[in-house]
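Note sheet for the following structure.
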Amino acid sequence: MRSKFIIGLAVAAFAALALQIDVTAQQGRGGAPAAGGTTAANGRGYPTAEEYASSKEAQAHVAKAKAIAGTDAKLIMRWENTCGALGPQRPALEAQNAGQKPAPPKVVEPVKLFDNLWYIGYDTIGAWVIQTSDGILMIDALNTVAEATEIIEPSLKKIGMDPAQVKYIVVGHGHFDHFGAAPYFQDKYKTRIAMSAQDWDLIERPNPNQSAAQAARPRPKRDIVIKDGDKVTLGDTSITLHVTPGHTVGSLAYLIPLRHQGKPITALMLSGANITPDRASLTAFHRALDMAKAAGAQALFNGHPGLFGNELGWMDALRKNPTGLNEFVYTRDQFSKFIDIMKECAASRVVAMGQ
Ligand SMILES: [Zn+2]
């Protein structure tokens, strides 16, 4: 159990490090652990370990979260990973602060996670392919235009899908590793691109922290502008979007209707990775989590696998045995508790920062 947990942490470290490096490249914040694009009044995404340890109120939230996890081993692991000064990104940020470099990302075999959801891309960042009755709705689009022809199109063909059927790409937030190939699909297949208003602004605005090469990289042209609570519908599938500022000003949370072995199941995707630097972002995060709870959500994803658990291991298990245990699935009661744990853990960081 312990070694499994450590492997999980290593995987999380690897994935989240890629995320953090992207963030620092985007925002030019150097190696500081603060997440890029944060809206915190103090300019930081996380409390220091000292602030965290010395805040009684923060510790009370952590203790409450631990009590919610109770004796459930899966929830105790989620609590260990989520509740800390640095949140789920802790292992990655600790590795980064220790000067460690991540291994180069590897392209993975496409994997069917649910009856109507596939994951394609890298072991650090991917595109999430939802099959609907009227084509494909894709969440995120890897890092670059070149990856459209090198990775996304071949992966779709491998799972028997036609890239021309990608009707929508919903971009979780305005960083290159989420929208990179979107301009290709927009130009070639007239794919509709959706992003929050805040993050369309973010990618269109000149960024003095970006290099000339970054500034010259293609962005999708402004298309569908998402407001909090909007739905994107394709055929029989409607996903609901909430704006959860923190990682960027307009990071999205998604409620996604899926099917698991023939039965409906709702998944939550958090593109902002639990980053809530201030009260306003905490309120928005809590609201999105409450919506997921009300919808009876039972699974959680982040654009970067490995942030909330050993997702790469869970994917491998599904490749080997597609009808076996799907570790992404929680019981309704478990997931409801997991949501409460995430709420308490995020609150603990905000109060530790004195917000
Ligand atoms: Zn990002």
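Each value in this text was obtained by applying a stated rule to the coordinates, not by laboratory testing. Everything numeric in this text was worked out from a predicted model, so none of it was measured. For neighbour counting, all protein chains shown are included, and Cβ atoms are generated from backbone atoms with ideal geometry for every residue, glycine included.
General remarks:
- Magnitude of the charge dipole, the range 76-191, Cβ model with Lys/Arg +1 and Asp/Glu -1, debye to 20: 40 debye
- A Förster radius of 45 Å combined with the Cβ-Cβ distance from LYS56 to ALA164 puts the calculated FRET efficiency at roughly 0.20.
- Listed residue pairs exceeding 24 Å between alpha carbons, taken from LYS66/LYS106; LYS66/LYS112; LYS158/LYS231; LYS74/LYS320: LYS66/LYS106; LYS66/LYS112; LYS158/LYS231
- Residue with peak Gaussian network fluctuation, the chain [Cα springs, cutoff 10 Å], from GLU109, GLU150, GLU327: GLU150
- Helices that extend 18 Å or more along their long axis by alpha-carbon positions and average at least -1.0 on the Kyte-Doolittle scale are, among the DSSP H runs of the chain, 2-27, 56-69, 279-294, 332-352.
- Listed by Cβ neighbour count within 10 Å, with the fewest neighbours leading, TRP128, TRP314 appear as TRP314, TRP128.
- A Förster radius of 22 Å combined with the Cβ-Cβ distance from LYS101 to SER211 puts the calculated FRET efficiency at roughly 0.70.
- Residues whose amide H falls under 5 Å from that of VAL166, counting only those 5 or more places apart or on a different chain, are ILE136, with hydrogens built in the peptide plane.
- Structural size metrics of the range 206-350, computed from C-alpha coordinates, are Rg and Dmax of 16.9, 50 Å.
- Dipole check for the range 230-351: with +1 at the C-beta of Lys and Arg, -1 at the C-beta of Asp and Glu, and the Cα centre as origin, the magnitude is about 120 Debye.
- Sequence-ordered 3J(HN,Hα) estimates for the range 322-327 from the Karplus curve with 6.51, -1.76 and 1.60 and θ = phi - 60° stand at x, 9, x, 4, 9, 5 Hz, glycine and proline given as x.
- Counting beta carbons within 10 Å around each of LYS221, LYS167 and listing the fewest first gives the order LYS221, LYS167.
- Where only alpha carbons of the chain are counted, the Rg and the Dmax (Å): 18.8, 55
- The Cα trace of the range 76-148 gives Rg and Dmax of 16.0, 48 Å, the first to one decimal, the second as a whole number.
- Highest-fluctuation residue, GLN89, GLN198, GLN165 considered, GNM on the chain with Cα pairs under 10 Å: GLN165
- If the chain linking GLU204 and ALA73 were pulled fully straight, counting 0.36 nm for each residue of separation and taking away their Cα-Cα distance, it would gain 42.7 nm.
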